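The values are calculated or read from the model by the stated rules, or taken from the named source; none is laboratory data. What you are looking at is a predicted structure, and each value in this text was computed from that prediction instead of being measured. FYI the Cβ positions are ideal-geometry reconstructions off the backbone, even for glycines, and counts take in every protein chain you see.
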Amino acid sequence: MNIVVAGGTGFLGREITRALLEAGHQVTVASRSNPQKEPIDARARWVRGDVMEPDSLAQALAGSDVVVDAVQFPNSPIENPRKGLTFERIDLGGTRNLVDAARAAGVGHFIGLSGVGAAEDAEYPWLRYKWEEEQHIIASGLTYTIFRPSWIYGERDVALNRFLGFAKFLPFIPVIGNGKTRINPLFVRDLGVHVAAAVGNEAARNRMFELGGPAVMTMDEIIRVTLKVAGKRRFLLHAPKPLMKLVAGVIQFAPGRPLTPGAVDFITMDGVADTSSLTETFGLALTPLEQGVSTYLHNS
């Protein structure tokens, strides 16, 4: 099939592109990034498509059978309202534009990425925006599959790998909060293969699936397993969440916007995916954290 991956130059989009290509599909990466600066898989083609510029999407989606929405704004989850990089504008607004363009282009299947915990009355705004994205997809009339991933890690992530970066020059690993945040970490390759498995799959039509790793872990456990794989010993130094939100309220105005109070909430919220429907429908193995991290740390 001809498949367009919107946001295909990003962390998630690259892995989805690879999985689709390996499944034998023709893939077009649509993004606003110049592929000369952000090289894409040589087996895919690139077309400019910016979800915030609806006029650019018509050409990008022309002739496609399936559209995958893997768009994220740079440095997510640290929003930058001055540059228009917010969950409301990019995640919600961009998805609406992409869905509308897909419907106008006669696309047969729309695959969206939401998030575990998305709900109309969710505590945090980004989860409410994700719920609104889902509702727009469902109401569009398009055949859809929506995945709600948990916390995603992989070779190019800027979350789990940040802890390994600290381990290179610090005798400890700084952890925001008490380290008891509960998530089932999802290997990015598992996301890619499930997206690929949804294409042409009647059992995945007009359904929503939570997607996470096989084990629910605390953040402290995740960091310790990763350090073990990397062959490093470090103690974990916890910074109270209220204190870090105060700090973030100040340093959010520093060059590069290193942290915001909202980002502190984002990285300390629980994210446990119920994978029962996913496993029943797709029957694909989910990668344990130690195995997933080993695939790229031992090859680097």
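If Trp46 satisfies every condition in (1) in contact with a helix residue (DSSP H, G or I) (Cβ under 9 Å, 6 or more places away or on another chain); (2) of a type outside the set (Lys, Arg); (3) in contact (Cβ under 8 Å) with a residue 12 or more places away in the chain but one, which is the exception?
(1)
Can you find, within the range 29-43, the residue that is surrounded by the fewest Cβ atoms within 10 Å (Cβ to Cβ) among those that are basic (Lys, Arg) and either touching a residue at least 12 places away in the same chain (Cβ under 8 Å) or not in a loop (DSSP other than H, G, I, E, B) (or both)?
Step one: list which residues in the range 29-43 are basic (Lys, Arg), which gives 32, 37, 43.
The next check asks that each one be either touching a residue at least 12 places away in the same chain (Cβ under 8 Å) or not in a loop (DSSP other than H, G, I, E, B) (or both); those that pass are 32, 43.
Working: Arg32: 14, Arg43: 12.
Applying the filter and picking the extreme gives Arg43.
Criterion first (of a type in the set (A, V, I, L, M), surrounded by 23 or more Cβ atoms within 10 Å (Cβ to Cβ), in a helix (DSSP H, G or I) and at pLDDT 95 or above) does Val225 satisfy it? Full working, then the answer.
Details: of a type in the set (A, V, I, L, M): yes; surrounded by 23 or more Cβ atoms within 10 Å (Cβ to Cβ): no; in a helix (DSSP H, G or I): yes; at pLDDT 95 or above: yes.
Considered against the rule, which asks whether it is of a type in the set (A, V, I, L, M), surrounded by 23 or more Cβ atoms within 10 Å (Cβ to Cβ), in a helix (DSSP H, G or I) and at pLDDT 95 or above, Val225 comes out as no.
Considering only the range 154-165, state which residues are under 20 Å from His238 (Cβ atoms) and touching a residue at least 24 places away in the same chain (Cβ under 8 Å).
Result: Ala159, Leu160, Phe163, Leu164.
Among the candidates Arg103, Arg18, which residue alone is in contact (Cβ under 8 Å) with a residue 12 or more places away in the chain, in contact with a Ser or Thr (Cβ under 7 Å, 6 or more places away or on another chain) and either surrounded by 15 or more Cβ atoms within 10 Å (Cβ to Cβ) or not in a loop (DSSP other than H, G, I, E, B) (or both)?
Arg103
When you go through Arg257, Arg233 one by one, which is the residue that is charged (D, E, K, R), at pLDDT below 95 and in contact with a strand residue (DSSP E or B) (Cβ under 7 Å, 6 or more places away or on another chain)? Break it down stepwise before answering.
On the way: Arg233 fails: in contact with a strand residue (DSSP E or B) (Cβ under 7 Å, 6 or more places away or on another chain).
Selected residue: Arg257, the only one of Arg257, Arg233 that is charged (D, E, K, R), at pLDDT below 95 and in contact with a strand residue (DSSP E or B) (Cβ under 7 Å, 6 or more places away or on another chain).
Would you check which residues across the range 148-175 are more than 30 Å from Ile111 (Cα to Cα), part of a helix (DSSP H, G or I) and of a type in the set (A, V, I, L, M, F, W, C) and list them?
From the range 148-175, those more than 30 Å from Ile111 (Cα to Cα) are 163-175; that's our starting set.
Checking the rest, the ones that are also part of a helix (DSSP H, G or I) come to 163-167.
Phe163, Leu164, Phe166, Ala167, listed by residue number.
Go through (1) touching a helix residue (DSSP H, G or I) at 6+ places or on another chain (Cβ under 7 Å); (2) over 20 Å from Ile267 (Cβ atoms); (3) among the polar types (S, T, N, Q) for Thr226 and report which single condition fails.
Going through the list (1) touching a helix residue (DSSP H, G or I) at 6+ places or on another chain (Cβ under 7 Å); (2) over 20 Å from Ile267 (Cβ atoms); (3) among the polar types (S, T, N, Q), Thr226 breaks only (2).
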